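Q: Have a look at the structure that comes next, please.
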Amino acid sequence: MLENTVKMGDYLQNQLLDLKSKHGCIEQVRGTGLMLGVALNRPGADIVSQCWDKGLRINCTQTTILRIMPAMNVTKEIIDQAIAILDNVLTTIETA
């Protein structure tokens, strides 16, 4: 389980960093293992709401930090689905 946490944590962090390069609203990706935060330059409540509507369970702390904490047995496929949802929501919000 620990090996998967390290491996998938690195993978998730890299995917979030790719999103950072694509979306100007992401200021920073931080955290360790599978407990990651995405610092935004805007409030994140509407992003969380739209992600929930699409099946991605994340939350927002301190108004502008998206908290992402998948289970320790998460798979690459599930992370890819989560990143696709977040990417779609951020694109929708930025083009609105």
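The values are calculated or read from the model by the stated rules, or taken from the named source; none is laboratory data. Computed from a predicted model, the values in this text were never measured in an experiment. Neighbour counts run over all protein chains shown; Cβ positions are idealised from the backbone, glycine included. We work out accessible area using only protein heavy atoms, side chains counted, and drop any ligands, DNA or RNA first. Shrake-Rupley method; radii C 1.70, N 1.55, O 1.52, S 1.80 Å.
Q: Could you tell me what percent of the accessible area of the chain is made up of carbon and sulfur, with a 1.4 Å probe and every protein chain present?
A: About 53 percent, which is the carbon plus sulfur part of the accessible surface.
Q: With a cut-off of 8 Å between alpha carbons and a minimum separation of six or more residues, what is the relative contact order of the chain in percent?
A: The normalised contact order for the chain reaches 28 percent.
Q: Taking a temperature of 25 °C and a viscosity of 0.890 mPa s, what whole-number D in µm²/s does Stokes-Einstein yield for the chain with Rh from Kirkwood over alpha carbon pairs? Mind dumping the intermediate values first?
A: Numbers: Rh = 13.2 Å.
Translational diffusion coefficient: 186 µm²/s.
Q: Would you mind getting me the FRET efficiency between residue 59 and residue 22? Use the beta-carbon distance for r and R0 = 22 Å, nearest 0.05.
A: Plugging the Cβ-Cβ distance into 1/(1 + (r/R0)^6) gives 0.50.
Q: Please give the calculated 222 nm ellipticity per residue for the chain, where each DSSP H segment of at least 4 residues contributes -39500 (n - 2.57) and the sum is spread over every residue; nearest 500 deg cm²/dmol?
A: -17500 deg cm²/dmol
Q: Per residue of the stretch 29-42, what does 6.51 cos²θ - 1.76 cosθ + 1.60 with θ = phi - 60° give for ³J(HN,Hα)? Whole Hz please, x for Gly and Pro, Karplus curve as stated.
A: 10, 9, x, 8, x, 9, 10, 10, x, 10, 7, 10, 9, 8
Q: For residue 7 and residue 88 in one chain, what is 0.36 nm times their gap in residues minus the Cα-Cα distance, to one decimal in nm?
A: 26.7 nm
Q: Can you compute the modelled spin-label distance between residue 46 and residue 78, with each label point 7 Å from Cα toward Cβ, in nm?
A: In this crude label model, residue 46 to residue 78 measures out at 3.0 nm.
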